[in-house]
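The values are calculated or read from the model by the stated rules, or taken from the named source; none is laboratory data. In this text, all values refer to a predicted model and were calculated from it rather than measured experimentally. Note that we place each Cβ from the backbone using ideal geometry, even for glycine, and neighbour counts take in every protein chain shown. Only protein heavy atoms, including side chains, enter the accessible area calculation; ligands, DNA and RNA are left aside. Shrake-Rupley method; radii C 1.70, N 1.55, O 1.52, S 1.80 Å.
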Amino acid sequence: MKIGVLASGNLGFEVVKGLTKIHQIEFICTDSNSNSIIEFAESNGIKNYKGNPRNGKAIRVIGDIRVNVLLSINYLFLIEEDLISLPSKIAINIHGSLLPKYRGRTPHVWSIINGETVAGITIHEISKGCDEGKIIEQLKIPIHSEMTGGELLAAYGNNYLPLLLKTLNKIENNDYQLITQNETFATFFGKRTPDDGLINWDWSRERIFNWVRAQSRPYPGAFTYFNGHKVVIDKVSFSNLGFTYDMPNGMILSLDPIVVKCCNGALELRDVREIEMINQRIKVKTVFNS
């Protein structure tokens, strides 16, 4: 089939590479920072548009190209009716959650933050609303107890292309069903930035544990402050070290290993990016700042 692609990031790039081996990509829309996608399109002679597609900007570049399917993969922008109505068969999006749960941005990170044990992938029809279109395919992916956001994204990377090819085969043969999402169960989570990783030591240790693993490498990371210095933490574990209830949350209870008090227990800091600076200056009973 002839495919028009809207894609961003490394995950979008990997899917695009695999897709070209089976289907014909007529054009690619991406953001200006997805250099691998831009280079791939230009080196393969694929017409491409870089930037926000809205207000007719992308369609003016695409011109009169006709496609059977419009496919969105990890795309950074909401799209308008001019693109949605372009394909002769259907416009679809591949989303990293089990819709209608976790509509919006970075659903895999939010799923870990919220302590979910199952995530997944949904392929759905694109509508004017964010991730609201009818569902075509879904695949569940388990979240094990120490899985990080990067590891969950890698699991998505292993499954995006096979699920997508399965769906495209059904569309090509007109052998698919559209299932309306149940709005009663819909949830939405917004965009995250590096500044959103600040740890609140008043949270339960379970929430902090999930907060840290969701944002660990290769992401910017969960962080706290020590004597004015930003400290990024990539891994913590539960500690049985004792404390008294009136000690402030964030207090450092031990140096070797570094153990910090939370509202309902303690956490050992297992992987700290600034560990040399911390080791030189840290003291027992110092308090991390939220």
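From the list Lys230, Lys235, the one residue that fits, being part of a strand (DSSP E or B), more than 16 Å from Arg270 (Cα to Cα) and open to solvent by 20 Å² or more (accessible area, probe 1.4 Å), is Lys230. Considering region 175-194 alone, what residues qualify as being of a type outside the set (A, V, I, L, M, F, W, C), touching a residue at least 24 places away in the same chain (Cβ under 8 Å) and outside any helix (DSSP H, G or I)? Correct list: Tyr176, Gln177, Thr180, Gln181, Asn182, Thr187, Gly190, Lys191, Arg192. Note on region 72-82: among residues that are more than 18 Å from the chain's Cα centre (by Cα) and not β-branched (Val, Ile, Thr), the one that is least open to solvent (accessible area, probe 1.4 Å) is Asp82. Here Val16 passes the criteria (1) among the aliphatic types (A, V, I, L, M); (2) farther than 24 Å from Gln215 by Cβ; (3) part of a loop (DSSP other than H, G, I, E, B); (4) touching a strand residue (DSSP E or B) at 6+ places or on another chain (Cβ under 7 Å) except the one numbered (3).
Cβ-Cβ distances below 7 Å connect no pair with a first residue in region 138-155 that is over 27 Å from Glu125 (Cα atoms) and without any contact (Cβ under 8 Å) to a residue 60 or more places away in the chain, a second residue that is assigned to a helix (DSSP H, G or I) and open to solvent by less than 90 Å² (accessible area, probe 1.4 Å), and a separation of six or more residues or different chains.
Out of Ile46, Ile59, Ile79, one residue alone is of a type in the set (Val, Ile, Thr) and closer than 21 Å to Lys21 by Cα. It is Ile46. Pairing each residue of region 234-248 that is closer than 21 Å to Ser145 by Cα with any residue that is among the basic types (Lys, Arg) and open to solvent by 50 Å² or more (accessible area, probe 1.4 Å), provided the two are 6+ apart or on different chains, yields C-beta distances under 9 Å for Asp234/Arg217; Asp234/Arg270; Asp234/Arg273; Lys235/Arg270; Val236/Arg270; Ser237/Arg270. Can you find a residue in region 63-83 that is over 19 Å from Val15 (Cα atoms), free of Cβ contacts under 8 Å to residues at least 24 places away in the same chain, of a type outside the set (Gly, Ala, Ser) and out of contact with any Pro (no Cβ under 8 Å at 6 or more places or on another chain)? Yes, region 63-83 contains a residue that is over 19 Å from Val15 (Cα atoms), free of Cβ contacts under 8 Å to residues at least 24 places away in the same chain, of a type outside the set (Gly, Ala, Ser) and out of contact with any Pro (no Cβ under 8 Å at 6 or more places or on another chain). Filter region 237-277 down to the residues that are at pLDDT below 80 and closer than 22 Å to Ala214 by Cβ, then identify the one that is farthest from the chain's Cα centre (by Cα). Top of the filtered list is Ile275.
For region 189-205, check the following and say yes or no: at least one residue is open to solvent by 10 Å² or more (accessible area, probe 1.4 Å), touching an Asp or Glu at 6+ places or on another chain (Cβ under 9 Å) and either closer than 20 Å to Tyr75 by Cα or not charged (D, E, K, R) (or both). No: zero hits.
The criterion of being basic (Lys, Arg) and open to solvent by 60 Å² or more (accessible area, probe 1.4 Å) does not hold for Arg213.
The condition of being within 27 Å of Gly250 (Cβ to Cβ), assigned to a loop (DSSP other than H, G, I, E, B) and at pLDDT 95 or above holds for only one of Asn210, Asn200, that being Asn200. Residues that are open to solvent by 40 Å² or more (accessible area, probe 1.4 Å), within 16 Å of Pro87 (Cβ to Cβ) and in contact with a Phe, Trp or Tyr (Cβ under 8 Å, 6 or more places away or on another chain) within region 1-47 comprise just one, Lys47. Picking from Thr148, Thr193, which residue would you name as being closer than 25 Å to Ile258 by Cβ and under 15 Å from the mean Cα position of the chain (by Cα)? Among Thr148, Thr193, only Thr148 is closer than 25 Å to Ile258 by Cβ and under 15 Å from the mean Cα position of the chain (by Cα).
In the set (1) farther than 23 Å from His95 by Cβ; (2) open to solvent by 90 Å² or more (accessible area, probe 1.4 Å), Gly56 fails one condition alone, (2).
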